[in-house]
1. Tell me whether the range A:4-94 comes out rounded, prolate or oblate; compute the Cα gyration tensor, take square roots of the eigenvalues as a ≥ b ≥ c, and use a/c under 1.5 as the rounded threshold.
2. For the pair residue B:21/residue B:311, report the inter-label distance in nm, with labels modelled 7 Å from Cα in the Cβ direction.
3. Modelling each spin label as a point 7 Å along the Cα-to-Cβ direction, I'd like the residue C:443/residue B:176 distance in nm, to one decimal.
4. Considering just Cα atoms, how many Å³ per residue does the convex hull of the range B:5-338 enclose?
5. Would you work out the relative contact order for the range B:5-338, in percent, from Cα pairs under 8 angstrom that are 6 or more residues apart?
6. May I ask for the distance between the Cα centers of the range C:435-451 and the range D:1-16, given as a whole number of Å?
7. So for B:118, B:182, fewest C-beta neighbours within 10 Å to most, what's the order?
8. What does the structure give for B:139-145 when I average, per residue, the other chain Cβ atoms found within 10 Å of the residue Cβ?
């Protein structure tokens, strides 16, 4: 038997590692992967809450998040391919045609 | 769970060991059978030197695999190169663990099944595990750092991902009729009529997709030897190659088992005689049906030519997937009308 | 089986029309002769968006909840549906000129535009967080793609990439916020959340803190979407790189929709912790206004300048937001309606002058255009005056109501900062007008033809800006009524 | 049993996430994420979410991440060269992460520390998920179809190499060389010519060029 907070803290850690990856990673594919990790962290929180509340909706939310993640991945990877075609690099620091 | 945990683990381990032994032997002899049958189709004799009628040929092959030198290409990604065949074989073996091959029997006084793990969403488990198989192929091709492997793995990966969709959709029809994802219940639901009859279209789609999923002729583009050497495992040798080989045949067995369970009524068949026979007859029927599918694989290999890659993809996406979707739709409509 | 009664369909009629026409556009793109597809697509999209605009009237005649209390048609929904679909109509018209100039005319563009609008309209009508999340993603993903639509232009793809990465990052925060709301209250229906937050089921006294944290996370996510500081970093680059009509669209539709759900979530669901998130809004408002205006002063690229100005405008909206009452809501609504009209109008002129490959987007290129192209230049000046907040334009009353709402809520400091910022903003808007009428051109830019579509855009935007500037009462009354209705 | 399983698979998830963070080559990051997803699937099972657990494997690990791996392979993504702004990003990243983590963990421990989770405490049947999907969640379910349409359209629009109006390459030659076709590209949202047409030159790399780059050039 485990307190719910263990699952939630794990989910928070995953989420935060994703946030960190978003800032640290230099190539756009890895940045995107970090975002996926964040979504996974959220999914764990949803399922944990669903279990604790004895409510099925948390499960459904995860389902929808996956659907969204799939659509996002298709578009995101297409964008990455288009960028690499135009720029020949994956490094996010080289994405500097426009000054920030 | 009436069974104590210790006994449960013991029984599971025993079943795993038996399954592994049977499976490995089976795979070796499927390979022999394949060579023999294809040889007969092509009016040749096939292996006949090692043992009577070549019966010891698998053993000879095994020894050869073990004794050959392990070669790792210098420019390979070492870790991934090593992992790829392991992923393939592990995934293939794990998938078979939820396949039930018969009814219930007693071991150590506890009721148990002809199945390693009896889980209530077995079909979902199978699909899940099978969807991971693509990593083995993709990583093998990429980590070998060779263009033939690379192209082979790209082809294999995209082919598997594409046909998985049709495969999954084809299984939905029977699942809708049976109302369960539990493989045992799906079999039970077929006691009156095998689903191959109401779901014949789904069966055809499944069979086609299964050939593509296991990268067998006529969809063996990933290892089209005329174009790509040996495809994604060009750079593999010795035991690592054997693992890919093993995975391919185990996958064949798995998809044949699923076809049997979902479409051919599983272990249903005439059951008679003393209790011991009544216990084992279903298993026999099951094996017979699986054997039929395995024979079909070999038969097709001996007779059909290979598809062209674009035909393969167009066929999958523009024909099989829409057909499977339509089948799901029609099944749903018919079910709701009948209700 | 009355799972889906007929009136549910009337309530989502605009969305159905838009989605249906989007699907038709895809079919047209698949068949038909190559040469005419784009043109045909444009007309179909125009028809679809106009019909959807009409469908909002039908929707408005059928108020109530739909689909297990996930969607609600009230004045608020209808108001934003008009604003958003109106913006889409204008952007479709605008693209009919822009895309052929860039040799990019394809039906998918219009399809994505319509699908994006489906997302936004669902967003403003949804009263359930997961539904909001999904529609937010529909609108975001189609905007990501539209931003990168000129996919051979490195700037366009780069803009798309930045928008995508930061947008998805923000969405993840928003989602975590949803998870926490769900965990604290056991529901994600906004009105149920409001009820449940009074008697939380999980964590006892801690539920308030969890809700507050959830609010903060959702604030990050939505702050990105409305480009409020400090989450505005993507805005200038994305606005600069995206095709000009898309930039106009992005600054209008998604922004209005994001503000709409911002209002709904914070005013309805998280009402109980209002005293706490008030400060987040307060700080973000000040930061957005100051940062946006100061940075806009330094820009020479018109699109970048408008991008920073849109950050500043998000700041003004947040000022009204901080007012924490029905006046605040109606001020936000009125401001957004005016802002959408004037901003799309401004981007329409920019896209009109941009020419092939968007060569002319610098303020210097606008020198002397006032006399060579009097009509577009006059309209641009009008929109800029409205953005400043000159009387007789919609922008004036927008600002007036915002400041009044803030003053009524005793936010004197915030109001003073907002007024000072408005004065500061006048500089960079007026600079463009100065260039238009008082400078000699260094290079004669090619004459873009005044097409029918562009004229319609100008007429529509000017009419709305003037209308809101002269007769603001009807719109404001409608907004106040819907605000009261929403809070009930 | 439950605590042991939680710590084993939670540990795997954690290790995978950390590995994701420290690995510099995208392919290893992607595979670490697959490991995280697998471990999470087991945790979902522990929490009684059977359907989600397997969907996690099928959709996330088996489809989405495969797409990632494919793109990484196609783009030949390798360790990126270090750049100036990395340091700045890390300077922002560490505190943001730490702050967020401490905040969240603190809240969770305080708010949910006493809520127990036990195996079999709550089991979500697949059938129940289906029921909810088509009753309570009908609208979101239908709306996701628009989402998918947007995703497919967008991916094809951005990534598919369009045949120009007049100069379409003869299809047969490309096919014969074993180059993926449009259909595959659409399926995977990868450029059809990425391997065959040497469209993508790898990013400038200091070390010796790996064989994939050559493979890309030789496909035709």
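Only the coordinates and a few stated rules stand behind these numbers; no lab work does. Just so it is clear, the model here is predicted, and its values are computed rather than measured. Cβ placement follows ideal geometry from the backbone for every residue including glycine, while neighbour counts extend to all protein chains displayed.
1. Values: a/c = 7.06, a/b = 1.94, b/c = 3.65.
Note, shape of the range A:4-94 comes out oblate.
2. 4.6
3. 6.2
4. Numbers: hull volume 51.8 nm³, N = 334.
Once divided by residue count, the hull of the range B:5-338 is 155 Å³.
5. Values: 474 pairs, mean separation 75.3, N = 334.
Computed over the range B:5-338, the figure is 23 percent.
6. The distance from the Cα centre of the range C:435-451 to that of the range D:1-16 comes to 67 Å.
7. B:118, B:182
8. Working: counts 4, 0, 3, 8, 1, 2, 5.
The mean count of partner-chain Cβ atoms within 10 Å per residue comes to 3.
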